[in-house]
Amino acid sequence: MTWDAETVKMLLEGIRDTLYMVLFSTLFGYVLGLPLGILLTVSDRDGIRPRPWLYRILDIVVNILRSVPFLILLILVIPLTRLLVGKSYGSTATIVPLTIAAAPFIARMVESSLKEVDKGVIEAAQSLGAGTRTIIFKVLIGEARTSLLVGVTISLGTILGYSAMAGVVGGGGLGDIAIRYGYYRYETGIMIVTVIVLVALVQILQAIGMMLAKVLDRRRV
Amino acid sequence: MAFIEIDHLEKTFTSKSGDTEALKDISFSIDKGEIFGVIGLSGAGKSTLVRCINLLEKPSGGRVIIDGKDMLALSERELKIVRRDIGMIFQHFNLLMQRTVLDNVCFPMEIAGVKKKEARVKALTYLEQVGLAEKAAAYPAQLSGGQKQRVAIARVLASKPRILLCDEATSALDPQTTQSILQLLKQINEKYSITMVVITHEMRVVEQICDRVAVLEYGKIVESGRTKDVFESPKTEAARRLIYTRDYNDIMSGGSGI
Ligand SMILES: Nc1ncnc2c1ncn2[C@@H]1O[C@H](COP(=O)(O)OP(=O)(O)OP(=O)(O)O)[C@@H](O)[C@H]1O
Ligand SMILES: [Mg+2]
């Protein structure tokens, strides 16, 4: 095993690439998943704008996307990745399948967070003349903000896991390093260090997210 | 002409397990500035009735006419504006838990498009009126039930309603707190001449603040009249049962009804 500057540099680059993939995938995942989650919430039977047929369609689409195993998805979206990024390997390319895997997952989490909001509070807002937009942004999102933040934390952790999996097919980042050194070259040391770094990253993200959620929660005295 | 006119109102809930006729042929009218009570046992349809007035629930038949306007003929946009005229307070207060007391009171003004600075100043005066100015920076979770209801009242005042619907507004409160909230409501009624519809199963509440009362049973109004008359000589079995069990309940719970 070689613990020279080269190795350290490689690990640091791995961390950087992983964070790059995870943060952007989560961000894009929310760009798609947040509106989708809101739509799922308001269009459901007891939502503020019931559209049962729309809910049905979205529900099915989300379920289908969520049931495709990530490794299969990774391969299935290669044409789209090529179209968007110009190549199908490396960190930037991996953001495409990660986002597609994350969006429906995020939509479900957003949906469940928003549905936790007390019906009575929504009704009070309606009785004050609040429109759909006000209720979505000020009541649903405002009241569910801690739950939504916990959702972001869980998403980051899950996407980090997916990103490591993407390493198998040349996705870049820490997962890539773990596969190349640990699996192909039997450099167990580097693999273990990589895994420890991954675990540490999840822990740190989790801790920050939970702390923020707690600080922002005013329901408890 | 009557300020609020309920005309042959019907409401049927349809579900897989069958239809529920929650309101059957309800007609009555309320004058401006009046405090009108609706009493009835649990499940009688009181909440449904009051929710039909501001169209939180869509009636299945009949008309709701407020100040000459047919509520069911309004467009979505018009309805939102008319709703600002019809405030509502609830048994469980329904405050925004992630906002301070002050920001809760600002909420209706945000909806109405009042400038933030102006709204905050006004919100404080509404809080003063309910005696909670010193709690402006607190969060609802830090308040008692009575204080939460006061915030809800300040919030509803901020939308400058002409009508206030109270759905079991004191049912979650102890007898003393109930008294102070009733006093506050009475005060508001006099000061702003807000017309009030008070829904309750607590006879004391009706006795204390309602000018007139209607007795609701199984979705029908079986009796109505001046509070004093109905309480002194109830004509129907339903009214008698409610009014006479009041004394029993008072003994059991130390003076507040159930
Ligand atoms: N959304 C709904 N769907 C189906 N049935 C409903 C719905 N809301 C109310 N009901 C039914 O309508 C009837 C009247 O209910 P409502 O809530 O108006 O009674 P209430 O007099 O307010 O009772 P309580 O004193 O318990 O609040 C009940 O039989 C109830 O089950
Ligand atoms: Mg009720």
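Structure notes:
- Trypsin sites (Lys or Arg not before Pro) within the range A:1-81, DSSP loop, no more than 13 other Cβ atoms inside 10 Å: A:Arg45
- Its Cα centre serving as origin, the range A:1-154 has a Cβ charge dipole (Lys and Arg +1, Asp and Glu -1) of approximately 460 debye.
- Basic side chains Lys and Arg get +1 at the Cβ, acidic Asp and Glu get -1 at the Cβ, and with that the dipole of the protein assembly as shown about its Cα centre reaches some 940 debye.
- Estimated Rh, the range B:73-170: Kirkwood, alpha-carbon pairs, angstrom: 13.5 Å
- Debye log10 I(q)/I(0) at q = 0.11 Å⁻¹ for chain B, Cα point scatterers: -0.61
- Sites A:Val215 and B:Lys117 - FRET efficiency at Förster radius 35 Å, r taken between beta-carbons, to 0.05: 0.85
- Whole-angstrom gap from the range A:130-164 to the range B:31-57, using each part's C-alpha centre: 37 Å
- Sorting B:Ser47, B:Ser29 from the fewest to the most surrounding beta carbons within 10 angstrom yields B:Ser29, B:Ser47.
- Two-site label geometry, B:Thr14 and B:Leu124: point separation in nm, points 7 Å out along Cα→Cβ: 5.4 nm
- Positive-pole candidate from B:Phe90, A:Thr41, A:Gly86, dipole of the protein assembly as shown, charges at beta carbon: A:Gly86
- Note on A:Leu11/A:Leu65: beta-carbon distance plugged into 1/(1 + (r/R0)^6) with R0 of 30 Å gives a FRET efficiency of 0.35.
- Once the Cβ-Cβ distance of B:Asp67 and B:Lys228 is raised to the sixth power relative to R0 = 30 Å, the FRET efficiency obtained is 0.65.
- Chain B: calculated mean residue ellipticity at 222 nm from DSSP helix runs of at least 4, using -39500 (n - 2.57): -12000 deg cm²/dmol
- Overall Cα dimensions of the range A:5-216, principal axis frame, Å, largest first: 66, 40, 24
- Each of A:Arg218, B:Arg77, B:Arg83 was scored by other Cβ atoms within 10 Å of its Cβ. Listed from fewest to most, they are B:Arg77, A:Arg218, B:Arg83.
- Within the protein assembly as shown, the percentage of alpha carbon pairs spaced more than 41 angstrom apart rounds to 36%.
- Hypothetical label at A:Lys119: residues of the range A:135-172 whose amide nitrogen lies under 17 Å (7 Å Cα-Cβ projection): A:140
- Residues with amide H under 5 Å from that of A:Glu187, placed H, sequence gap 5 or more: A:Gly182
- Under the combined filter of DSSP loop state and at most 11 neighbouring Cβ atoms within 10 Å, the range A:164-199 retains these chymotrypsin sites (Phe, Trp or Tyr not before Pro): A:Tyr186.
- Relative contact order for the range A:5-216, counting Cα pairs under 8 Å that sit 6 or more residues apart, in percent: 26 percent
- Expressed per residue, the C-alpha convex hull volume of the range B:145-227 stands at 97 Å³.
- Rounded Å value of the spacing that divides the Cα centres of the range A:46-125 and the range B:147-191: 44 Å
- The range B:76-91 residues near the modelled B:Ser193 label - backbone nitrogen below 16 Å, point 7 Å along Cα→Cβ: none
- Fewest-first ranking of B:His8, B:His92, B:His201, using other Cβ atoms within 10 Å as the exposure measure: B:His8, B:His92, B:His201
- A simple spin-label model places the labels of A:Ile72 and B:Lys32 6.9 nm from each other, with each point 7 Å out along Cα-to-Cβ.
- In order along the range B:120-130, the Karplus-derived 3J(HN,Hα) couplings, from 6.51 cos²θ - 1.76 cosθ + 1.60 at θ = phi - 60°, round to 5, 5, 5, 4, 4, 5, 5, 5, 4, 5, 9 Hz, and Gly and Pro are given as x.
Quick note: the coordinates plus some simple rules give every number you see, no bench work behind them. None of these values were measured; they are calculated from a predicted model. With ideal geometry, Cβ positions are generated from the backbone for all residues, glycine too; neighbour counts draw on all protein chains shown.
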